[in-house]
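The structure under discussion appears below in the form of structure tokens.
The values are calculated or read from the model by the stated rules, or taken from the named source; none is laboratory data. Keep in mind that this is a model prediction, so the values were computed, not measured. Neighbour counts are summed over all protein chains in view; Cβ atoms, including those assigned to glycine, are modelled from backbone coordinates with ideal geometry.
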Amino acid sequence: MSTYKINIPPVPVKKSLVQIAFEFEHLMDQINNPEGEITLELESLIGISSEELSNKLDAYGYLMDRLESEQEQYKKKADAYYSKATRCKDTAEKIKENIKAVMVQMEAKKLSGDDYTFTISPAKPKVLVIDENQIPTSYFRQEIVSKLSKDAVREAIEKGETVSGATLEQSYTLRKGIK
């Protein structure tokens with residue numbers, strides 16, 4: 001686990017947009033660190049003290065906007081890469097099926113190119129379901145899934161009931177607005 005020494009200039013009473021942007025870029029470098037860890041220095045950089053609160057609110061609003069924007073961009077990139085990966089997988093699977101079909105039709109157990117060799121061998125038979133409604137129920141298995149309903153637990157506790165293993169904790173929502 002690596003830690004980084006972060007040298008941030010002292011926070012002036014009023015920051016210029018250039019200063020905010022500089023600090024933001026430095027913070028983004030720390031966030032995008034390949035180690036992916038939040039170090040003590042990073043925590044202190046994003047921490048809020050009462051003396052700095054009024055000076056940092058605008059900078060934090062800007063930072064949150066930028067982080068949300070970057071998060072959306074990374075999500076779009078991840079979705080695009082996932083889509084590409086799926087197409088690659090599907091295409092490779094189609095090629096594999098085509099090679100198997102040719103080998104079965106040729107009754108060839110082995111085909112060789114300059115660099116690759118393909119060998120075919122019998123596998124476990126695949127079940128083809130023609131009409132699931134005609135299959136006897138003895139071939140079906142029943143699965144029971146239990147999932148905790150936190151809403152039901154919250155409602156019970158709010159009504160004064162004791163729910164063993166659970167309690168309520170006050171939570172808060174933060175809304176960010178632009179003047």
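One table, with the values for the structure above:
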| quantity | calculated |
| --- | --- |
| Residue in region 120-132 that is in a helix (DSSP H, G or I) and surrounded by fewer than 10 Cβ atoms within 10 Å (Cβ to Cβ) present | yes |
| Pair list, Cβ under 9 Å, 6 or more apart: region 151-179 residue in contact (Cβ under 8 Å) with a residue 60 or more places away in the chain, other residue of a type outside the set (D, E, K, R) | LYS176/TYR60; LYS176/GLY61; LYS176/MET64; ILE178/GLY61 |
| Some residue of region 137-148 being surrounded by 10 or more Cβ atoms within 10 Å (Cβ to Cβ), aliphatic (A, V, I, L, M) and part of a loop (DSSP other than H, G, I, E, B) | no |
| The listed residue being at pLDDT 90 or above, part of a loop (DSSP other than H, G, I, E, B) and on the phi < 0 side of the Ramachandran plot, out of GLU169, GLU155, GLU97 | GLU169 |
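Rundown of residues vs (1) closer than 20 Å to LYS176 by Cα; (2) modelled with pLDDT of 80 or more; (3) surrounded by 10 or more Cβ atoms within 10 Å (Cβ to Cβ); (4) aromatic (Phe, Trp, Tyr), yes/no style:
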{"position": "THR3", "(1), (2), (3), (4)": "no, no, yes, no"}
{"position": "ILE6", "(1), (2), (3), (4)": "no, no, yes, no"}
{"position": "PRO10", "(1), (2), (3), (4)": "no, no, no, no"}
{"position": "GLU25", "(1), (2), (3), (4)": "no, no, yes, no"}
{"position": "LEU42", "(1), (2), (3), (4)": "no, no, yes, no"}
{"position": "ILE46", "(1), (2), (3), (4)": "yes, no, yes, no"}
{"position": "ALA59", "(1), (2), (3), (4)": "yes, no, yes, no"}
{"position": "LEU67", "(1), (2), (3), (4)": "yes, yes, yes, no"}
{"position": "ALA78", "(1), (2), (3), (4)": "no, yes, yes, no"}
